[in-house]
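Some notes on the structure that comes next.
What follows draws every value from the coordinates through simple rules; no lab data is involved. Note that the structure is predicted; figures quoted are calculated from it, not measured. Don't worry about glycine lacking a Cβ; one is built from the backbone with ideal geometry, like all the others, and counts go over all protein chains shown.
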Amino acid sequence: MSIRLLIVDDQAVFRRGFRALLQGEPGIEVVGEAEDGVQAVRLARERGATLVLMDIRMPRMDGLEATRLLAGPGVEDPIDVLVLTTFDIDAYVFGALQNGAAGFLLKDAEPDVVVDAIRTIARGHGLIAPEVTRNLITRFAAVAPPSDPRTALDALSAREQEVLLLVAQGGTNAQIAAALHLEEATVKSHVSRILARLGLRSRVQAVIVAYETGLVTPAGNVRYGSHRA
């Protein structure tokens, strides 16, 4: 099944550049372009987009609100959103992730990285640009006081909390499997159950929960919940 992609950016040069990059890629169909969030929400629904490549700063409606309307909590038929950003607006990206975005990249990412990110998210996996992951979470995990961990983490088993901890520390399924002496398929099952029990749609959102609840502190220390099962 092809990925039906909508490109959203208020700058035509970026829209054209991404269209030129992506329209020849096997399995990716560019179904349209939008120059602001209002157009993005309308066209994504009208044209059956399955993934939206979303800018943040735009007129009329920004990418944060558009992301919430397309992928946020309570959306009946959510559409995957991949946010593009630059270092100086990563605060907005944190908001986008809280609003349901499946991940983000920097706008200067290499073409093959953008293509791989789109395919990764289409397969149901979240993605954060590795070069800014620590910077983003360290700066903004403490924006709001950590919530009571029992309200979220008590829904997870000890093993699932352990897997979530390693996900939050940036581990891939293969790395987590090696660290915990598990089969990779078992780790995938744990991650799927974690997302389902916490009502999340991606690993990216799971990382945010891990920091917001205090499972991991912004400095990277384990605050609690590092159980062994």
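Pulled fully out, how much extra length does the chain show between Arg197 and Gln11, if you take 0.36 nm times their separation in residues and subtract their Cα-Cα distance? Please list the in-between numbers first.
Numbers: separation 186, 0.36 × 186 = 66.96 nm, distance 3.93 nm.
That pair, Arg197 and Gln11, stretches by 63.0 nm at full extension.
What distance in nm lies between label points placed 7 Å from Cα along the C-beta direction at Arg123 and Glu184?
0.9
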